[in-house]
């Protein structure tokens, strides 16, 4: 990766790439093949990819990698589809470009996308149909123009970005060879004027309270897990949260019981804790345990011996680490230089994406939109419009080439 103390070398690097005839050939391919790019997008979106059920989509993507002559197209142990474009310096580090292939929609969700002109409608059309289609467009344009880089460029369609997938695909990548990664570009959703440079940390917890249960009349007075869990939620909701660093808590689901006239045997709730700083997440974890334990102790206190078996479990079901790309990093210098060249004004943002993993490990990474416009994200009416996609594709290509030594 280019090392620099100021923006001048980055500007010179981007100017050199932008003047390269082969780069213009790649730009031309992307300009002339919007219909092909949208066809890829529609084909992929038509393949269901629920959480932990991405295999069919990964197989489809592996075949596209093979058609684009990426080396060693395969699916790894985690289910990620991977292909490689070899660099001219086999001893150098690697640059990664990735887009997640999973969706938030559960198995059995009808997936019948419709394409009218430049507008694709259907679950996952934008998130992340746009990112995967852009990644394929870049691989195709690089191949068409015979562009070379010093570093290997690894193309990844990864699993597990959404919900309780807990970034498992990206975690696997960095557990198996992460030490050789120089930089990482994540493509996620639409747009071309934002860059996620600050990874929002989060922890997700499943809290379960269990009791003896019983009949609402004959066993009246036995501890009720729903009531006990509600008391824990109430106490936890009173924990003070700082404005800086921004920190949030949410109870996303609560469930329990079998009938209106039965004392439940268990109740469960899922908690989502988020902060830009790891220390706040540690503090909230302690407060959550305290709130639950105190509610259970209070419920058992004073009960008859046969009813003193209220118990709880607190299980971590998600852990997304925080991290950030410093403003003076080489990657940020190059991104600003690209945006100046293309007259784009980048707005840094905070979000939880696949970039959380590399950023938390100190690997320069950024999550970028793949162009066009989208809306209705995570709904059945999700849509993507490919008009304007070309600007983002140029932006990503120039940045990728600069990072990989093009």
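Applying 1/(1 + (r/R0)^6) with r as the Cβ-Cβ distance of residue 220 and residue 20 and R0 = 60 angstrom yields a FRET efficiency of 0.15.
Once the Cβ-Cβ distance between residue 343 and residue 290 is put in as r, and R0 is 56 Å, what FRET efficiency do you end up with, to the nearest 0.05? Show your work: numbers first, answer last.
Details: r = 53 Å, r/R0 = 0.94.
It comes out at approximately 0.60.
Ranked by how many other Cβ atoms sit within 10 Å of their own Cβ, fewest first, the residues 316, 36 fall in the order 316, 36. Between residue 43 and residue 235, the distance separating the two model label sites (each 7 Å from Cα on the Cα→Cβ line) works out to 5.7 nm.
For residue 193 and residue 243 in one chain, what is 0.36 nm times their gap in residues minus the Cα-Cα distance, to one decimal in nm? Before the final figure, lay out the partial values.
Numbers: separation 50, 0.36 × 50 = 18.00 nm, distance 2.64 nm.
The span from residue 193 to residue 243 would gain 15.4 nm if fully extended.
Placing dummy labels 7 Å off each Cα toward the beta-carbon, the span from residue 89 to residue 387 is 4.4 nm.
Listed from fewest to most Cβ neighbours within 10 Å, the set 126, 13 follows the order 13, 126.
Using Cα-Cα distances under 8 Å and only pairs 6 or more residues apart, what relative contact order does the range 161-270 have, in percent?
Details: 102 pairs, mean separation 32.2, N = 110.
The value is 29 percent.
Label sites at residue 12 and residue 259, each approximated as a point 7 angstrom past Cα along Cα to Cβ, lie 8.1 nm apart.
Do you know the relative contact order of the chain, to the nearest whole percent, from alpha carbon pairs under 8 angstrom that are 6+ apart?
Values: 922 pairs, mean separation 100.1, N = 406.
In percent, rounded to a whole number, it is 25.
Ordered by the number of other Cβ atoms lying within 10 Å of each residue's own Cβ, fewest first, 313, 247, 194, 218 fall into the sequence 218, 313, 194, 247. Subtracting the Cα-Cα distance of residue 350 and residue 76 from 0.36 nm times their residue separation leaves 95.7 nm of extension gain.
Rounded to the nearest 10 degrees, the angle from helix 129-145 to the longest Cα principal axis of the chain is 20 degrees.
Taking only alpha carbon atoms, the range 67-216 gives an Rg to Rh ratio of 1.08, where Rh is the Kirkwood radius.
With an 8 Å Cα cut-off and a minimum separation of 6 or more residues, compute the relative contact order for the range 201-320 in percent. Show your work: numbers first, answer last.
Working: 230 pairs, mean separation 52.5, N = 120.
In percent, rounded to a whole number, it is 44.
Placing a label point 7 Å from the Cα of residue 313 along the Cα-to-Cβ direction, the residues of the range 240-283 with a backbone N closer than 17 Å are 255-257, 265-271.
Subtracting the Cα-Cα distance of residue 146 and residue 250 from their residue separation scaled by 0.36 nm leaves 32.5 nm.
How much FRET efficiency would the formula 1/(1 + (r/R0)^6) give for residue 328 and residue 298, where r is the Cβ-Cβ distance and R0 is 51 Å, rounded to 0.05? Walk me through the numbers before you get to the answer.
Details: r = 52 Å, r/R0 = 1.02.
That gives a FRET efficiency of 0.50.
With the Kirkwood sum run over all distinct C-alpha pairs, the chain has a hydrodynamic radius of 22.9 Å. Of all beta bridges that DSSP places with both ends in the chain, some 70 percent have antiparallel geometry.
Quick note: the coordinates plus some simple rules give every number you see, no bench work behind them. The structure presented is a predicted model; accordingly, all values stated were derived computationally and were not measured. Note: ideal-geometry Cβ built from the backbone for every residue, glycine included; neighbour counts use all protein chains shown.
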